[in-house]
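Chemist: Below is a structure I'd like to ask you about.
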Amino acid sequence: MTGKILAAIGAGIGIALFFRFPDLDISLLGIGAHRNFLFHSFALVAALFLAVRKLDARRGVNVLVMSVVAGCGIGIGLHLFADTFQSHPVKFPFVGSLVDGTSVDDRLWLGLNSIGSILLSVGIFRRLKLALIGKRGGA
């Protein structure tokens with residue numbers, strides 16, 4: 001199977017599995033903790049990015065793993081982007097909402113984390129593209 005097909009499959013799996021990830025805070029922490037700041041951030045994407053950044057992007061299994069992580073970032077990023085259009089507060093420990101009485105801080109948090117998530121995914125896809133071009137060009 002070619003690297004591009006593996007990358008597409010992996011990205012699709014990542015998007016499908018992780019689009020709903022931010023809402024897992026409801027089932028894990030309860031409805032009162034919905035919009036937990038960790039679940040509604042790109043923290044998971046950043047941790048996964050750090051975990052895969054040293055992988056050899058020319059190996060088939062690594063292409064699949066890196067693509068799933070990139071898809072994770074896209075899925076979470078899209079979810080956070082959609083959440084920016086809602087006025088529910090993001091919950092931070094000890095303080096609740098960062099600025100009471102407004103949703104600007106919550107929307108800014110969600111928007112910036114959406115962008116961060118997508119940018120990490122773009123970085124992974126760029127690395128995969130370079131590796132796949134180099135692999136094909138060197139063969």
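The values are calculated or read from the model by the stated rules, or taken from the named source; none is laboratory data. This is a predicted model, so every value here is computed, not measured. Don't worry about glycine lacking a Cβ; one is built from the backbone with ideal geometry, like all the others, and counts go over all protein chains shown.
Chemist: I need a count of the residues in the range 83-139 that are surrounded by 17 or more Cβ atoms within 10 Å (Cβ to Cβ) and without any contact (Cβ under 8 Å) to a residue 12 or more places away in the chain.
Modeler: Matching residues across the range 83-139 total 1.
Chemist: Against the definition (over 11 Å from the mean Cα position of the chain (by Cα) and over 19 Å from L108 (Cα atoms)), how does A47 come out, yes or no?
Modeler: Against the criterion (over 11 Å from the mean Cα position of the chain (by Cα) and over 19 Å from L108 (Cα atoms)), A47 does not qualify.
Chemist: Follow-up. Can D56 be described as among the charged types (D, E, K, R) and either at pLDDT 95 or above or within 18 Å of I118 (Cα to Cα) (or both)?
Modeler: Judged against the criteria, D56 is not a match.
Chemist: Of everything in the range 88-135, what is of a type in the set (D, E) and either modelled with pLDDT under 85 or under 24 Å from K4 (Cα atoms) (or both)? Give them in sequence order. Steps first, please.
Modeler: So the first thing to find is which residues in the range 88-135 are of a type in the set (D, E), and the list is 100, 105-106.
Matches in the range 88-135: D100 only.
Chemist: Among the residues of the range 54-112, how many are assigned to a loop (DSSP other than H, G, I, E, B) and aromatic (F, W, Y)?
Modeler: Narrowing the range 54-112 to residues assigned to a loop (DSSP other than H, G, I, E, B): 54-59, 84-90, 93-95, 97-103.
Then drop every residue that is not aromatic (F, W, Y), which leaves 85, 94.
Residues that pass the stated criteria total 2.
Chemist: I'd like the full set of residues that are surrounded by fewer than 16 Cβ atoms within 10 Å (Cβ to Cβ) and either modelled with pLDDT under 95 or in a loop (DSSP other than H, G, I, E, B) (or both), limited to the range 4-26.
Modeler: Across the range 4-26, the qualifying residues are K4, I5, A8, R20.
Chemist: Given the condition of a type in the set (G, A, S), modelled with pLDDT of 95 or more, at negative phi and part of a loop (DSSP other than H, G, I, E, B), answer yes or no: does some residue in the range 34-50 qualify?
Modeler: Looking for residues that are of a type in the set (G, A, S), modelled with pLDDT of 95 or more, at negative phi and part of a loop (DSSP other than H, G, I, E, B), one finds at least one in the range 34-50, hence yes.
Chemist: Something else about it: Would you check if V65 is surrounded by 15 or more Cβ atoms within 10 Å (Cβ to Cβ), within 22 Å of A16 (Cβ to Cβ) and over 13 Å from the mean Cα position of the chain (by Cα)?
Modeler: yes
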